[in-house]
Each structure stands twice: as structure tokens, then as C-alpha cells.
Amino acid sequence: MKEETRDLVYKIVIGIVSAVVGGVGGFAGGKYRIKSQVNSQISQVVNVGETDYVGAVDYIINQNTEYKAEIESLKSENEKLEDKNKELSAEIDKYKKESTSTSASEKNTSSTNGSNVNTAGKKKLFELQPLIGKLYDFAQETIGEKKDNIGNLYPNGYILYANEYTAKSITYALEEKYKTLSGEIALDSENNSLRDGIWFEFYTNGEMIGSTDHLYAGVRPISFEIDVSGVNDLEIQAKITGTTIGSVLTNGFYVE
């Protein structure tokens, strides 16, 4: 049987071989049907003798078996490639997280912002969800080159306002998860002639548990650390005396 005849018979017979092999009428009962169908479809293309049909069917069955084995092999290879792809994706995600974490740590500890607070392993309080109040009413992210009274920049920090007539406060649910609250505050350069103090007080259940030192003209940036062990709800109040409004700069308050 010629190769081109086999290829053509394969294309046509493959759709009906399953009926024969599957037992619909058996091979003997389906032989005439195969012959009729094949003859009607290829008689105008190529002449195939009757003796070629059994060989053609065997050829197709063998080819089909080989293709099935090849498909199973390809499936197995594909599964291995998919598993490898998942491993590589996991590695990429891991490196991305490590890179982001390193970048954030470097940003927080950069000397360009003037902060002396070690932020390694700490969490930014202002990135938590406030329990009471809105962050933008209490602290706003700095825009442009905000400077304190000794020239330090706060490109990724916050500006906090204290108002003599309107209480500035915000409350966070710490849920007893943290032991200390720390940070550094500095007088905004726009307020470097301020003679009255600006400071922050910290409360839980209406009881003050700590406060910062006062900022006013001539006072350099000050650091603070408050014990918040066992604190569920932490309220922070911005305070000012004798002046309508004042502002301070910070890179953030941190809990750990």
C-alpha cells in the first residue's frame, strides 16, 4: 500500500474505526460499512483495492496507539513544566517581597530624612486602620520638600497639625499586640519662630500613659518611646498652647 494512500485512508477512516473497534456490529459486520464509506469518499481521489482495507484499519489502529502514547508523554512533560513554572513563579514572588522589604527598610532608615529612630522590624502606626477618626484629619502625607527647623527633609513623612480650638486626635486598636510606640517629631520650618509648645499625649481608657516633650522655636527634633503593653485602644491627642495653629513633621509613629 502506497504511503500517500495510507495517509489519505487514515484521514478518512479514523472517524469510523472507533465504531468497529468498539464492537458496534463487530469487525465483520462493520467491514462493508467501512468499505462503502471509504469508497464513496476517496473513489474520486485514489483507487484502493479491497485487500487494502484491513491493512489500512490495522495501520490506523497502530498509528492511533502510537499517537496516544506520544500524547500521554507530552502530557507528562507538560505537567512537569507547569510544576517548574510554579516553582519559578514562587521564587520570583519571594525575591520581589525581599526586594520591597529591603527598599522600604532603607527608605525608613535613610539619613536624608533626619530620623534617628531605628525602624527595623517595626510597623508604621499610620498605615493601620484607625478605630476612631480619619488619618487625613490628624496627619497628612508630606508633599514637596518639607523641612524641619534644622533643614532635614521628610519626603515620605507626615505633617501633623495642632489646633488650639479644635481637638486633633485619632484612635487605633492595638489589641494588646505591641509593647512599645516610638517615633521622632520635629518643628516644621514654617513654625520655627513658634514660642508656645506643641506636643502629643497618649491615652488608653481615658488614662494618659505618656507624652512627648514640647516643640517650640530652637528645639531640635526629639525622639519618644511609650510603653503600650496591654493596650487595646490607643488614643493620640495633638496639643498646643497659646497659638491658633502649629505643625510638626515626622517620618511616622512606629509600634512593635
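The values are calculated or read from the model by the stated rules, or taken from the named source; none is laboratory data. From a predicted model like this one, the values you see are computed outputs, not experimental measurements. For neighbour counting, all protein chains shown are included, and Cβ atoms are generated from backbone atoms with ideal geometry for every residue, glycine included. Each accessible area value is taken on the protein alone, full model and side chains, heavy atoms only, with ligands, DNA and RNA left out. Shrake-Rupley method; radii C 1.70, N 1.55, O 1.52, S 1.80 Å.
Of all residues in the stretch 147-177, those being part of a loop (DSSP other than H, G, I, E, B), in contact (Cβ under 8 Å) with a residue 60 or more places away in the chain and β-branched (Val, Ile, Thr) number 1. Just one of (1) more than 20 Å from Ile132 (Cα to Cα); (2) assigned to a strand (DSSP E or B); (3) in contact (Cβ under 8 Å) with a residue 60 or more places away in the chain; (4) open to solvent by less than 50 Å² (accessible area, probe 1.4 Å) fails for Ala217. It is (2). Look at (1) hydrophobic (A, V, I, L, M, F, W, C); (2) in contact with a Leu (Cβ under 7 Å, 6 or more places away or on another chain); (3) over 16 Å from Thr250 (Cβ atoms) and you find that Ile159 fails only one, number (3). Residue pairs whose Cβ atoms lie under 7 Å apart, separated by 6 or more positions or on different chains, with the first residue in the stretch 126-142 and basic (Lys, Arg) and the second assigned to a strand (DSSP E or B), do not occur. For the stretch 109-122, the criterion of a residue being open to solvent by less than 60 Å² (accessible area, probe 1.4 Å), of a type in the set (A, V, I, L, M) and modelled with pLDDT of 90 or more is satisfied by no position.
Among the conditions (1) modelled with pLDDT of 75 or more; (2) open to solvent by less than 60 Å² (accessible area, probe 1.4 Å); (3) more than 30 Å from Lys122 (Cα to Cα), the only one that Lys75 does not satisfy is (2).
Residues that are in contact (Cβ under 8 Å) with a residue 60 or more places away in the chain and in a loop (DSSP other than H, G, I, E, B) were ranked within the stretch 178-196; the one that is surrounded by the fewest Cβ atoms within 10 Å (Cβ to Cβ) is Lys179.
Within the stretch 171-208, being under 28 Å from the mean Cα position of the chain (by Cα) and aliphatic (A, V, I, L, M) holds for Ala173, Leu174, Leu181. Considering the conditions (1) of a type in the set (Val, Ile, Thr); (2) at pLDDT 95 or above; (3) closer than 17 Å to Lys146 by Cα, Ile209 is excluded by exactly one of them, (3). Hey, among Thr250, Thr212, which residue is more than 15 Å from Ile170 (Cα to Cα), open to solvent by less than 20 Å² (accessible area, probe 1.4 Å), free of Cβ contacts under 8 Å to residues at least 40 places away in the same chain and of a type in the set (Ser, Thr, Tyr)? Answer to the check: Thr212. The number of residues in the stretch 127-151 being open to solvent by less than 80 Å² (accessible area, probe 1.4 Å) and closer than 25 Å to Thr241 by Cβ comes to 8.
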